[in-house]
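Contents: one structure, followed by commentary.
The values are calculated or read from the model by the stated rules, or taken from the named source; none is laboratory data. Worth saying up front: this structure is predicted, and the values here are computed from it rather than measured. Because the Cβ atoms are built from the backbone with ideal geometry, glycine has one as well, and the counts that use them run over all protein chains shown.
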Amino acid sequence: MGVGTVAGDVNRNDRSIVALVMLAHGMVHTYELSIPIFVAIWLGEFASIDLGLASVPVTTASLGVMTGLGFALFGLGALPGGILVDRVGSKRLIVACLLGMAGSFLLLALSPNLVVVALALVVWGAAASVYHPAGLRLISTGVEERGTGFAYHGIAGNLGIGFGPFLTALLLLFFDWHLVAGVLALPALAAAALATRANFEEQAAVTAADGGEGGDTGDDGTDTDPGGDDKAGAGVSSFAEFVSQSKHLFAGGFALVFALVMFSGLYYRGVTTFLPDLLGSVIGIEPIPVSELLPVALASGSAGGAPTLDVELFVYAGLLTVGVFGQYVGGKLTDRIRTERGIVAGFAALAVIAVAFLPVASLGVGPLLAICALLGFFLFMVQPFYQATVAEYTPAGLRGLSYGFTYLGVFGVGALGGAIAGYILTVADSTALFLVLAGFATVATLLGVTLLRRRPTPA
């Protein structure tokens, strides 16, 4: 077979994989970052959470714990998802993820109280949890231009991150939140139907990307799959093997990477969970009656009970959309600089932004939008760097397991960030919250520095 034919096959394979993971990743984050929009609604609509034998008042702390259940499972499920994807391959899990998320939002649409809301969020977390180990393993073993694959993967995630909250906020102008949740279930159903038709080779890039790199990856004989089918042909097949392979992963630099992504997750969830409410109540962005934005002829008939535009929800959506550029820049840079350098720079910037956020935001609309844009850019710029770093510190045959542990740290341990944020806002204030967030980013920066110093410079 000629080189041109091989290149053509690889390019088609790359395109098929990247198209699938972009679609699925966008869906996952569409739902994930729509949830804080609903949190802002639930804070005003419900007074208590009825647990049968007891009733808990609705506060930022109690809602932080409630939403944290779903977000925690989003991360905790990543580890068994990572084990499973190494055995059965990525495509099946991605389809199951999309169907499960659609079902969870249909349940949310039918929720009569916050207990059922919490159950719906748990279902969402369980379904969504398998995506990251499945999608990222697929890129790391199937796409030859790995950094570019991570970049486009991240861009799609951020399009979902921005579009989901924007669409949710727009629909909530005119419809009850139950109906909005039901409408949001439809895109995942359509995406699942498209995903079942995808056709690609999951292990196409293992030899090129891992077998020839040496160093920290692929030296244990588990990084190839001669069969090249949709199953991994590696991974772990028993609890004893899980324990031994996990020890193998954590014996090296991956232990530091895992610690780093935990603090990344705490920052991410801590800043996003209550940010819409913070922008409205703390910084003081006032709702605008929709009638003021309409032509006079239309506005004249919309008095009395007309909907209002919650500007803070759209500022929040815009902040997240800016992350598209951060994901793209971060992904492209992983092919050009050492990933540890990007990690250090990104988290150092996030520490500074956390300290400066409230003072800058209080200066006016322009500074507020500027600091929000910087937060959105760097919050997502760091993600391709730590995703690529995981690939550099782990063998390809255990890539699903390694990404499972990674997102156990990012979204499982990281889910505590929402509960921590809610507790701080209940007992202290937003200034204390942003100082704690700065501490998370500072620890992640120091861990990045440690990785940078420990890893030998390539010859």
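The set of residues from the range 68-103 being in contact with a Gly (Cβ under 8 Å, 6 or more places away or on another chain) and under 13 Å from Val122 (Cα atoms) comprises Gly68, Leu69, Gly70, Phe71, Ala72, Leu73, Phe74, Gly75, Leu76, Gly77. Scoring Cys97 on the criteria (1) assigned to a loop (DSSP other than H, G, I, E, B); (2) under 30 Å from Gly64 (Cα atoms) leaves a single failure, condition (1).
Within 30 Å of Ser430 (Cβ to Cβ) and either among the basic types (Lys, Arg) or over 12 Å from the mean Cα position of the chain (by Cα) (or both) - does that describe any residue in the range 390-402?
Within the range 390-402, none of the residues are within 30 Å of Ser430 (Cβ to Cβ) and either among the basic types (Lys, Arg) or over 12 Å from the mean Cα position of the chain (by Cα) (or both).
Restricting the range 333-353 to residues that are assigned to a helix (DSSP H, G or I) and surrounded by fewer than 17 Cβ atoms within 10 Å (Cβ to Cβ) leaves a set whose member that is modelled with the highest pLDDT is Val352. Scanning the range 399-419 turns up no residue that is in contact (Cβ under 8 Å) with a residue 40 or more places away in the chain, within 23 Å of Ala356 (Cβ to Cβ) and among the aliphatic types (A, V, I, L, M). The single condition from (1) at pLDDT 70 or above; (2) surrounded by fewer than 22 Cβ atoms within 10 Å (Cβ to Cβ); (3) not in a loop (DSSP other than H, G, I, E, B) that Thr207 fails is (1). If you go through the range 115-145 and pick out every residue that is touching an Asp or Glu at 6+ places or on another chain (Cβ under 8 Å) and surrounded by fewer than 24 Cβ atoms within 10 Å (Cβ to Cβ), you end up with 3. Listed by position, the helices (runs of 4 or more DSSP H) inside the range 398-459 whose residues that are among the hydrophobic types (A, V, I, L, M, F, W, C) and surrounded by fewer than 22 Cβ atoms within 10 Å (Cβ to Cβ) number at least 1 are 416-427, 430-454. Within the range 50-64, the set of residues being without any contact (Cβ under 8 Å) to a residue 12 or more places away in the chain and outside any strand (DSSP E or B) comprises Gly52, Leu53, Ala54. Among the residues making up the range 133-154, those that are at pLDDT below 80, part of a helix (DSSP H, G or I) and not small (Gly, Ala, Ser) are Thr141, Arg146, Thr148, Phe150. Whether a residue is under 27 Å from Leu320 (Cα atoms), in the same structural domain as Leu108 (by the TED database) and either crowded, with 20+ Cβ neighbours inside 10 Å or modelled with pLDDT under 80 (or both) was assessed, and Ala24 passes this test.
A single member of Leu69, Leu73, Leu93 is more than 15 Å from the chain's Cα centre (by Cα) and surrounded by 22 or more Cβ atoms within 10 Å (Cβ to Cβ), and it is Leu93.
Filtering the range 354-371 to residues that are among the hydrophobic types (A, V, I, L, M, F, W, C), touching a helix residue (DSSP H, G or I) at 6+ places or on another chain (Cβ under 6 Å) and without any contact (Cβ under 8 Å) to a residue 60 or more places away in the chain leaves Val360, Ile371. Being in a loop (DSSP other than H, G, I, E, B) and either modelled with pLDDT of 70 or more or under 23 Å from the mean Cα position of the chain (by Cα) (or both) is not true of Glu213.
Which of the residues belonging to the range 354-387 are modelled with pLDDT under 85, within 30 Å of Gly142 (Cβ to Cβ) and aliphatic (A, V, I, L, M)? Selection gives nothing.
Restricting the search to the range 189-203, which residues are touching a residue at least 12 places away in the same chain (Cβ under 8 Å) and not in a loop (DSSP other than H, G, I, E, B)?
Leu189, Ala191, Ala192, Leu194, Ala195, listed by residue number.
Taking only pairs six or more apart or across chains, which ones have beta-carbon atoms under 7 Å, a first residue in the range 426-444 that is of a type in the set (Ser, Thr, Tyr), and a second residue that is modelled with pLDDT of 95 or more? Hits for this filter: Thr442/Ala351.
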